[in-house]
1. Sum up the charges of everything whose Cβ sits under 14 Å from the Cβ of L105, counting Lys and Arg as +1 and Asp and Glu as -1, but leave L105 out.
2. Once you sort the root eigenvalues of the Cα gyration tensor of the stretch 70-135 as a ≥ b ≥ c, which label holds: rounded (a/c under 1.5), prolate (a/b larger than b/c) or oblate (the other case)?
3. For the residues K60, K86, what sequence is obtained by ranking on other C-beta atoms within 10 Å, fewest first?
4. Between the DSSP loop rule and a limit of at most 12 other Cβ atoms within 10 Å, which GluC sites (Glu not before Pro) in the stretch 39-113 are left?
5. Report the net charge of residues surrounding F128, where surrounding means a beta-carbon distance below 15 angstrom and charges are Lys +1, Arg +1, Asp -1, Glu -1.
6. So what's the stretch 101-182 giving for Rg/Rh, alpha carbon basis, Kirkwood Rh from the mean inverse pair distance?
7. At 37 °C and 0.692 mPa s, what whole-number value in µm²/s does Stokes-Einstein give for the translational diffusion of the stretch 5-186, with Rh from the Kirkwood sum over Cα pairs?
8. Can you compute the modelled spin-label distance between D373 and D102, with each label point 7 Å from Cα toward Cβ, in nm?
Amino acid sequence: MTKFPHEQFAKEYLQELLSPLGEVETSKDVTAEVREIDIWFQPTSVDAGEYIESLGLLGKMAATPAIIEPFRNPVTAEGIFSCVVKLLNSRAELERRANREDRRLDERQLPMLWILTPTASELLLNSFGFLTPEESQGWGRGVYFLSEVWRVGLIAIHQLPRTPETIWLRMLGRGRVQQGAIAELTALPLDDSLRANALQLLYNLQANLQANTPTNTAGDDEDQELVMAIVPLFQQHLQDAEQKGIEQGIEQGIEQGIEQGIEQGQRLILESFLQVRFGDLDPLTLTFLRPISALPTAEFTMLLVQLSMLAIAQTDRQPVLNLLAASVLNNRFSASAQSEQELPVTLIPNLLGLSPENLSLLLSELPQLSLEDLMARLSERST
């Protein structure tokens, strides 16, 4: 699990948005003490006008080769110097390559450095000589440049206007700026592929934030607020999956199509969430994917929230397995006449003591078993 969830989110997020337009490398090394570039972008697509337009300000940035350096915290003077060194080293590397190939380096091949910072003080901007571009150039508020020869731009995300053209960059802001962009993201059309991909990366970010929050501290207050802003998106994503399932069911003319669509959507969310949070899934965890995916939407959402709140070591799967097993058993027996009867304390340990094959078989038979039948089956297998 990454120790820097916001940085990882920024890299994956920008890679997802820019990959349709060209080649994207993250954590690219450059020579001279091996400095790592966060995002290296090389445009290759020549017929992506509509997609570029959908990215707004980010699409305009993608018109040329670019080094993109997103900062979670406000960039400092030292941070700007470090970024400029990466730019100069990259330029020198391109020039050496051109010399080896005995060709002239086209200026259009030179990268533009973009520094993305959540905030930037007027003192910092003035000390470097950052200037606002002419209004006719169409960059808008919050975008600054050094003199043209430097090929350096800085975006102060907190100054960006709250418009559709800036939403994809405001997602990399902090506090209310980022939360506002998340709210706007959820309002986009359900069939918007950028919306779906960004939501998935937000779920990954939430899982990483939870995994990096110690159990004995309150953690970063701003991170906690961000987690709480992301949690409701689980419910909306599930509703989207349910709606798609209903539409598929209508097209097929059968109720089974509706149920299958919902279950497939919930399974994709669950599997992706567990993999991001805990890494590769063991056979026992995989066995629970199918019955958990069949849970009612409200119960499924609550389970995801409970899983996201588990602050455990990546190698310790027992609390996760306990929670998955309890959800399946409670769903089966709480709605029956046995709802007033508490589940035996040994039930879950005995269930999880089965092999993945036996557990899978027993879970498939669970809808037809009473609580007494289940206990008897487990007793038989333990003897």
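1. Combined, the nearby Lys, Arg, Asp and Glu give +2.
2. It comes out prolate by the Cα gyration axes.
3. K60, K86
4. Filter output for the stretch 39-113: E101.
5. Cβ neighbours under 15 Å give a net charge of -3.
6. My calculation of the ratio gives 1.06.
7. Rounded, D is 195 µm²/s.
8. The two pseudo-label positions are separated by 8.2 nm.
Any read-out appearing in this document is the output of simple, stated calculations on the displayed coordinates, not a laboratory observation. Nothing here was measured: the structure is a model prediction, and the numbers come from that model. Note that each Cβ is placed from the backbone with ideal geometry, even for glycine, and that neighbours are counted across all protein chains shown.
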